[in-house]
Amino acid sequence: MKEPLKFKFHVKTGDTVKVISGGSKGKQGVVAKVDTTTYRAIVQGVNLVKKHVKPSAQDPQSQGIIEIEASIHISNLMVIEPKTGKPTRVGRKLNEKGKLQRYSKKTNQFI
């Protein structure tokens, strides 16, 4: 079985991002998890869906309808630049130490 290709994404865990399309368009949040096999990310407080939960043997109190964050395709997310607070496109270039690092294409500064 072939192993899926590994890409470097413009979004990483811990980034503050803005949703640029879909039902949650315009909302901001912090990336909690990035799934590299399906190209999707879970953003805290964004794309909330309701899930019906049955009580289990381990936790009989957890039941009813709960709201959880569903994943969003990473193409629908833009990184928010920490200094200006505005969404920006992300590129990669070598820093002073010769290591590839992400930078903001709007202000040309490293993220």
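Computed from the coordinates by the stated procedures, all read-outs in this text should not be read as laboratory data. Computed from a prediction, not measured in an experiment: that's the story for all the values here. Don't worry about glycine lacking a Cβ; one is built from the backbone with ideal geometry, like all the others, and counts go over all protein chains shown.
How large is the charge dipole for the chain, taken about the Cα centre, if only the Cβ atoms of Lys, Arg (+1) and Asp, Glu (-1) carry charge, to the nearest 20 debye?
Roughly 620 debye for the chain.
Between residue 21 and residue 95, what is the label-point separation in nm under the 7 Å Cα-to-beta-carbon projection?
3.2 nm
Pull up all non-local amide H partners of residue 111: gap of 5 or more, or a different chain, and H-to-H distance under 5 Å with H placed in the peptide plane.
Amide H to amide H, under 5 Å and 5 or more residues apart or across chains, residue 111 pairs with 102, 103, 104.
For the pair residue 30 and residue 107, what calculated FRET efficiency results from E = 1/(1 + (r/R0)^6), where r is the Cβ-Cβ distance and R0 = 22 Å, to the nearest 0.05? Could you put the intermediate results ahead of the total?
Working: r = 21 Å, r/R0 = 0.95.
The computed FRET efficiency comes out at 0.55.
Can you tell me the relative contact order of the chain? Whole percent, Cα pairs under 8 Å, sequence separation 6 or more. Before the final figure, lay out each step's value.
Numbers: 200 pairs, mean separation 22.9, N = 111.
Once divided by the residue count of the chain, the mean separation gives 21 percent.
Are any of the pairs 83/105; 8/51; 27/50; 12/93 more than 21 Å apart by Cα-Cα distance, and if so, which?
Details: 83/105 13 Å; 8/51 32 Å; 27/50 18 Å; 12/93 17 Å.
Violating the 21 Å Cα-Cα cut-off are 8/51.
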